[in-house]
Structure formats: C-alpha cells, structure tokens
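A quick write-up on the structure given underneath.
Each value in this text was obtained by applying a stated rule to the coordinates, not by laboratory testing. Everything numeric here is computed off the predicted structure, so don't read it as measured data. We place every Cβ from the backbone using ideal geometry, glycine too, and count neighbours over all the protein chains shown.
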Amino acid sequence: MSFPKGFLWGGAVAANQCEGAYLEDGKGLSVPDMLLGGDVNTPRTFLPVTDPNAFYPSHEAIDFYHHYKEDIALFAEMGWNVFRLSINWGRIFPNGDDDEPNEAGLAFYDSLFDECHKYGIEPLVTLCHYEIPWNIVVKYNGFYSRETIDLFVKYCKTVFTRYKDKVKYWLTFNEINTPLMSMHNGMSNLYSLGLMEKEDIEAKDPIKLADLKDDPQKKFTALHNEFVASAKAVILGHEINPDFMIGNMICHITLYPLTPNPIDELQCQAEDSLKNDLCGDVHVRGEYPSFIYSYWKKHGIDTSFIKEGDLEILKQGTVDMYTFSYYMSNCVTVDPNAESTAGNMSLGAKNPYLKASDWGWQIDPIGLRWTLNKLASRYPGTPIMVVENGFGAFDKVEEDGSIHDPYRIEYFKAHIKAMGDAIDDGAPLIGYTTWGPIDLVSASTGEYAKRYGFVYVNRHDDGTGDFARSRKDSFFWYKKVCESNGTDLG
Ligand code: BGP
C-alpha cells in the first residue's frame with residue numbers, strides 16, 4: 001500500500017453537530033438550532049421558535065465547546081496530523097449581517113486552532129457546514145438573495161484575515177450538491193442554501209423536514225449564488241494568503257446502472273452528471289458543464305440569475321483541491337418496480353451485491369476506489385481529499401465500560417484499503433478525515449444513537465448523560481493506522 005509521505009490522517013466534525021453552547025458568548029441562532037430530533041423511522045422536524053419544552057439536539061450537542069481541549073488531546077493520541085472542523089458562522093456574525101464580528105467567537109477559534117497546533121495537527125476548516133445564520137434565512141431567504149453572497153464574503157474575509165497564520169486548509173460549502181439529490185430536497189435546500197417558504201418559517205407546529213417544498217427555480221438561483229460566493233471566497237483567500245489551499249466539498253453518492261440495459265446506463269449517466277458532477281465541474285473547471293443549459297431549458301428554469309460578470313468570477317475562483325464525502329453507493333434504473341433504498345439525502349435502487357448499515361446506507365468500499373479513479377481522470381492534476389467517510393451504528397457499553405465495535409473497524413479497514421488501491425491506480429489522494437471520530441449528533445436524523453466515533457460520548461436521545469468521553473476498540477485500531485501511515489490495518 002502506498003500512502004505518500006506526509007499523507008493527512010485525521011477526522012471531521014461540524015460545529016453544529018458537536019459544539020453545543022448554542023447561545024453562549026454571543027452566538028446567534030443558526031438553521032440546525034431550529035431542528036428537533038428523529039430516528040431512522042421518524043423524520044426530523046423543524047420548529048421555528050425555540051420551544052423551552054422541546055429537545056433540540058444541537059443546543060448542547062456533545063458540548064465540544066467546553067471539552068475541545070480534552071477532545072483534541074484524544075485526537076492527538078491517535079496520531080492525527082489534520083482535524084476537519086467548521087467555524088459556526090453565527091459565532092462570528094450572530095445575525096449574519098452585523099456590522100462588526102463577535103470577538104468572543106473569534107477568540108474561541110483562536111484557542112481551538114492553537115490547541116491543534118500544540119500537537120502538530122493542521123486544522124482543515126469548513127466555512128459553512130449547514131450553518132447559515134437563522135436571520136439570513138428569515139430576512140434574505142438564504143442564498144436566494146444576492147446580498148447573502150456579500151455577507152458570506154465578509155464573513156470569509158474576517159476569518160481568513162484573523163487566522164491567516166493558523167489555518168492553511170479551507171473548504172467553502174459542505175456538500176454543496178445535496179439539494180440536487182432525489183430525496184428530501186426541501187430539507188437540503190434549507191440546510192445547504194438557507195431556503196424556506198415564509199409560511200413554513202411562521203408555522204406554529206413542527207414541520208417534517210422531508211415535507212419542505214422544493215422550488216427548482218429558487219434552488220438553482222440560490223445554488224448559483226453559492227457558486228459565486230464560493231469563487232469570490234477563493235479569490236479573496238488567495239489574496240490574503242497565497243499559501244492557502246481552498247477546496248470545495250461534494251457529497252459523492254456513487255451511482256451504478258442497476259442492469260446492463262442501455263436505458264438504465266443512460267439514466268445513470270444523467271443522474272450522475274446532475275447530482276455528482278455539476279458542482280465539481282463548476283468549482284474545479286470554473287464553468288457550468290454544457291448539459292445543464294439543456295437541462296434548465298427542458299425544465300423551464302429561467303437563467304437570468306446569471307448576472308454579468310458571474311461567469312468570469314467562476315472562472316477565476318477555481319479551487320485548489322477537490323474534497324468529498326463518501327459513505328455509500330446507489331443504483332439507478334428506469335424500472336419503477338425495482339426495490340429502492342435510501343441514505344445520505346439520496347434515494348436509489350438497491351444493489352443486490354451490497355450489505356447496508358442499520359440506517360440502510362449501502363456499504364461499498366470498492367465504490368470508493370472507483371470514485372477516486374473517476375475523479376482523478378475527470379480533474380487531472382487536482383489533489384483530492386476524502387473529508388468524510390464513516391459508519392453510523394448502535395454501540396453497546398459493556399459493564400466494564402469497554403466498547404467493542406468490530407463492525408466499524410471492518411468498514412474503515414475496507415475503505416482505507418480501497419484508498420491505497422486507488423493511490424496505486426494513480427489517484428492524487430492527499431488526505432483522509434473520517435466522519436464523526438467522536439460521537440456526535442446525526443445531521444439527517446438528529447440522533448445521538450447513530451454513533452460514528454472512535455471516542456464514545458455518554459449522551460443520549462432523551463437528553464441524559466454527562467458527556468464523559470471513552471475510547472472504543474476502534475480508537476486503538478485507528479491510532480495504529482495513523483501512526484503507520486496506513487500500512488498497519490490490523
Ligand atoms: C454528511 C454530512 C455530515 C454528517 C454525515 C453523516 O452528509 O456532511 O454533517 O452528518 O453526512 O450523516 P448522518 O449524520 O445523517 O448520519
């Protein structure tokens with residue numbers, strides 16, 4: 001196996017899923033603060049006012065805000081050299097459109113980055129991981145408004161300038177392509193683009209996120225504005241520090257035709273282009289792929305959201321690296337009777353060759369090798385990083401406090417082996433951050449019970465638990481992987 005020297009090994013979290021302290025030190029409300037929990041059978045709901053009797057998981061999450069020193073020490077113990085986290089936009093600009101940034105929020109991340117550097121860990125920072133300030137949703141309708149581009153760029157300027165000597169690796173928008181998936185698009189539109197209809201914002205009763213409306217015209221407008229915001233951030237970041245490496249972040253749901261019937265292949269190609277490739281092409285190549293213009297025409301999308309000068313900005317603001325999340329793959333078919341399966345905001349046909357997690361996410365390590373090879377040839381010369389990959393599972397704490405999670409080790413082992421194989425195939429992979437190296441709140445279901453961590457957190461869906469941390473078997477296993485640069489997979 002050939003992981004190059006200096007390969008980045010670590011883990012990834014998002015502020016809203018781990019920090020808690022949702023109103024502490026001047027932080028404003030952001031989208032996830034309005035979401036109640038669910039589970040695999042009960043969809044997550046949105047409650048527009050913060051109800052004192054309701055349980056909002058992100059309000060305390062795993063209290064990383066007060067435990068970060070202890071947690072980073074655990075990450076260092078595993079031998080990491082990179083830690084992906086997000087800055088919560090609402091800690092810096094509580095309303096998104098404030099004149100001045102919140103000093104207490106800036107100071108928190110100063111301290112967090114210093115703590116990383118103490119152990120030789122490079123922070124990899126996502127600028128917006130589903131964390132649009134709530135006021136931007138209400139007042140500007142998220143990225144539907146062009147004004148939000150300027151608000152985002154102002155926020156980027158503030159953090160790029162403040163942390164220019166502490167952070168080298170940046171990502172603009174987490175999983176920017178999820179509104180294009182075929183499942184719960186209304187939910188992704190809210191998470192990702194800050195889009196929500198006025199009547200939903202004002203509703204008095206909880207609304208199923210899965211029921212939020214998907215308006216394609218608004219979606220493509222807001223997505224375009226996010227592309228422009230991302231490109232402007234890249235241009236600005238390079239002005240502030242030419243050494244910055246700024247990437248995009250794509251939710252790559254690898255797709256295969258369910259059968260060799262050419263009609264399935266054609267359908268698969270169309271879905272792959274829209275769901276996986278469109279956003280990557282804009283970020284890396286700096287232009288929309290040609291198919292999207294026909295797609296817009298066919299679907300009656302008015303493209304007047306592309307303003308003069310935008311296409312030049314996209315061209316100038318191309319990213320330095322392509323990063324993506326990879327959990328699973330799906331199949332595509334035109335057969336309406338094929339058995340379907342869901343997972344990570346997407347819906348597809350069930351693959352008869354794959355097993356799935358308890359949440360139905362199909363496990364496909366070979367698909368990761370396939371994806372890395374595809375990306376290497378689609379974007380020649382662009383460094384690639386897998387910035388999310390992980391296995392959500394129920395864990396059991398034994399009487400002596402130990403946690404045996406061989407299923408998680410098995411998942412990671414197979415995926416890391418697949419990455420090594422892809423490197424041998426020629427993929428320019430530079431790093432790997434596992435998702436949820438410490439248990440945290442699930443984005444799709446709002447659960448604690450869907451655990452991803454190498455580190456267990458004593459916190460539960462009924463709001464009990466003292467947030468104590470402990471090492472699972474996978475902790476010791478991943479430590480060997482990081483310390484051996486991927487040669488010791490156990
Ligand atoms: C990705 C998100 C993460 C994370 C992960 C796991 O789509 O970027 O925020 O949550 O999926 O998903 P879940 O938490 O729904 O299990």
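Summary of values
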read-out	value
Per DSSP, loop GluC sites (Glu not before Pro) in the stretch 336-433 with at most 16 further Cβ within 10 Å	Glu339, Glu398, Glu399
More than 13 angstrom apart: percent of Cα pairs within the stretch 311-365	66
Those trypsin sites (Lys or Arg not before Pro) in the stretch 317-387 that DSSP places in a loop and that have at most 10 other beta carbons within 10 Å	Lys355
Where the Cα pairs of the chain fall when distances are cut into 10 Å bins, in %	4, 21, 33, 29, 12, 1, 0
Anisotropy class of the stretch 235-365 from Cα gyration tensor, a/c 1.5 cut	oblate
Three-way shape call for the stretch 203-300 based on the alpha-carbon gyration tensor, with the a/c threshold at 1.5	oblate
Separation of alpha-carbon centers, the stretch 49-91 and the stretch 292-341, rounded to whole Å	31
J(HN,Hα) series, the stretch 10-22, from Karplus relation 6.51 cos²θ - 1.76 cosθ + 1.60, nearest Hz, glycine and proline x	x, x, 10, 9, 10, 3, 5, 9, 10, 5, x, 6, 5
Binned Cα-Cα distances of the stretch 52-103, short to long, each 10 Å bin given as a whole percent	19, 34, 34, 13, 1
The stretch 333-479 - convex hull of alpha carbons, volume per residue in Å³	139
Order of His184, His59 under a 10 Å beta carbon neighbour criterion, fewest first	His59, His184
Hz values of 3J(HN,Hα) by residue in the stretch 474-483 - Karplus curve (6.51, -1.76, 1.60), Gly and Pro given as x	5, 4, 6, 5, 5, 4, 5, 4, 5, 5
Exposure proxy ranking, count of Cβ atoms within 10 Å, fewest first, for His404, His67	His404, His67
Relative contact order %, the chain, counting alpha carbon pairs below 8 Å whose residues are six or more apart	18
Estimated [θ] at 222 nm from DSSP helical runs (n ≥ 4, -39500 (n - 2.57)) normalised by residues in the chain, nearest 500	-10500 deg cm²/dmol
Listed residue pairs exceeding 20 Å between alpha carbons, taken from Lys139/Lys307; Lys157/Lys198; Lys355/Lys413; Lys27/Lys204; Lys27/Lys154; Lys118/Lys232	Lys139/Lys307; Lys157/Lys198; Lys27/Lys204; Lys118/Lys232
Which of Ser192, Ser304, Ser2 has the fewest Cβ neighbours within 10 Å, and the rest in rising order	Ser304, Ser2, Ser192
Average projection area in nm² (convex hull over Cα atoms of the stretch 9-55, one quarter of hull surface)	4.9
Over the stretch 207-250: Rg over Rh, Cα atoms, Kirkwood Rh	1.20
The stretch 118-202: translational diffusion in µm²/s, Stokes-Einstein, Kirkwood Rh over Cα pairs, 25 °C, 0.890 mPa s	172
5 Å binning of all Cα-Cα separations within the stretch 394-490, expressed as whole percents from 0 upward	3, 12, 21, 22, 17, 12, 8, 4, 2, 0
Shape parameters for the stretch 302-401, alpha-carbon atoms, Rg then Dmax in Å	19.1, 65
Per-selection Kirkwood Rh - the stretch 357-432 (Cα, Å, 1 d.p.)	13.9
C-alpha center-to-center spacing [the stretch 132-180, the stretch 460-490] in angstrom	31
Cα-based Kirkwood hydrodynamic radius, the stretch 49-206, one decimal, Å	17.1
Cα pair count fraction exceeding 17 Å, expressed as % - the stretch 22-112	59
